[in-house]
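The values are calculated or read from the model by the stated rules, or taken from the named source; none is laboratory data. Quick caveat: nothing in here was measured; it's all calculated off a predicted structure. Please note: Cβ atoms are built from the backbone with ideal geometry, for glycine as well, and neighbour counts cover all protein chains shown. Just the protein is used for accessible areas: all its heavy atoms, side chains included, with ligands, DNA and RNA removed. Shrake-Rupley method; radii C 1.70, N 1.55, O 1.52, S 1.80 Å.
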Amino acid sequence: MTDKMKRNILLILAVSGLMLLTSCDDWFDVRPKSQIKQGDLFSSEAGFRDATLGVYTLMASTDAYGGNMTMGLLDVLAQQYSDVTSPYTTAMSYSYTDKAVESMTEGMWRQCYKAIVNCNYLIKNCDENGGVMNASTRSIIKGEAMAVRAYLHFDMMRLYAPCYATGSSQPAVPYVFEPTVSAQKAMTVSALCDQLISDLVAARELMKPYDPICEAGYNETLIYDTEDYLEDDGFLLYRTSRMNYYAATALLARISLYKGDKANALSYAQEVINSGKFDLINDALIAADKEEARHYGSNNQYSFMQSVAKHEYIGGLYVYNLKENNSDLYFRDHQGGQLRMSDTRKMSVFGANGIDYDIRAKRMFAVPNGSNNEYCIKYLTGTQIPLLKIGEMYLIAAEASGDISYLYTLLQKRGYPNPADEGTGLTALLQKEYQREFIGEGQLFYFYKRQNLGKIPFATVDASQAVYVLPLPTDELEFGYTE
């Protein structure tokens, strides 16, 4: 291992260690109160809980899923927006060497590997010091850490390595499975997919006997009572704000489809769909949610997107100040980072029927107060960003089985009275639905890459390996590779 490689790996671990060794207050708020030693952190169940929540907070940063890996850079690369401002203008033409774009791509890489390293600390300490926890909490925390680690590695591979269909035998990204400064030899894309599937299968086995979401009658509640927080400070509440058993299952469906294993992709997607834990939103569910919110004194201000989060998110992230720190950053009239889908682009994506019927077109866009333009208001209310949703399971099931009725079910729930009017060709309709379903979520670019489209819709340049494979950070080129 070269000195440069050692320095790079040590830098990532050092920064990660600082995050790991700070208190839960430091992760969640921003007002540092104290620092504690790693040994102290993992000397109690409360410390393990704090460390688990800290990983999710790293993921929710603007560098990662709280910004550029969802509503920001990745949706710019997918041409979801027609009008953007600096620093995203050059990203629309895939100028990855531009300093502003380079800063964003390097930020995504570093933030995700920080979270991966923290997952490894959790897993290691579950094995070595997990006796301070009860068996159920220990299994859930270790299973979650393994599932999160797989989620992060998969997205790093989808961004910084060739896709499976065109480069399964080529090197992927480093698979970092322990908190170590030793260089990791890069697996191939195919081998890394298999490793991540193995990890997720093990994660599911750990979580299934204990995860509350697996219990009969489990239902996400809008607001929990004080008594619900008495056990473990409410650590196991709001399971869809974390990687739970079904989130691991949904990720298995996503990875299986990615590698062309349609049989398993269908099986995993059907398991989530048939679980009865998740629903495609409809007017009755929205009305019930508003009534529940009114019961808790919210003055009927409960929003459509909060209902979507409650019923459709399989796994997501709590994001502190989601509106002020994230949604307003991208979707308001201001000098930095403005992203907008024009009326013309919106009509092109949704079509005439969609503009009239589609609840996404009607409920996810508005002119915010103080603004002169219509913007996406998906994250204007609520506190969650999705990582995996039930809508995607219908899309995966349709593609894996070739049965277009899965798509028609999704379209009907989205408001189309005659779904077949949107088309009878599965491939074309899948692309339409990915464009509509994942606005502000960062998944559309991955779809185009997996399909190996010669040109991304609305892009001004042809697609190629140079478009679909983001360059590794300049000072991380050696990270994870042996010579």
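Overview of values
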| quantity | calculated |
| --- | --- |
| The chain, accessible area per residue, ligands and nucleic acids excluded (1.4 Å, Å²) | 39 Å² |
| Cα-Cα over 30 Å, subset of 142/389; 277/432; 259/455; 262/323 | 262/323 |
| Heavy-atom accessible surface of the chain: percent carbon and sulfur, 1.4 Å | 49 percent |
| Rule-of-thumb Rg ratio for segment 326-409 [Cα; 2.2 N^0.38 Å; N residues] | 1.31 |
| Highest-first arrangement of 409-416, 75-82, 354-361, where packing means the average Cβ count within 10 Å | 75-82, 409-416, 354-361 |
| D (Stokes-Einstein, µm²/s), Kirkwood Cα radius, segment 287-439, 1.567 mPa s at 4 °C | 77 µm²/s |
| Per-residue [θ]222 nm for the chain (sum of -39500 (n - 2.57) over DSSP H runs n ≥ 4, rounded to 500) | -15500 deg cm²/dmol |
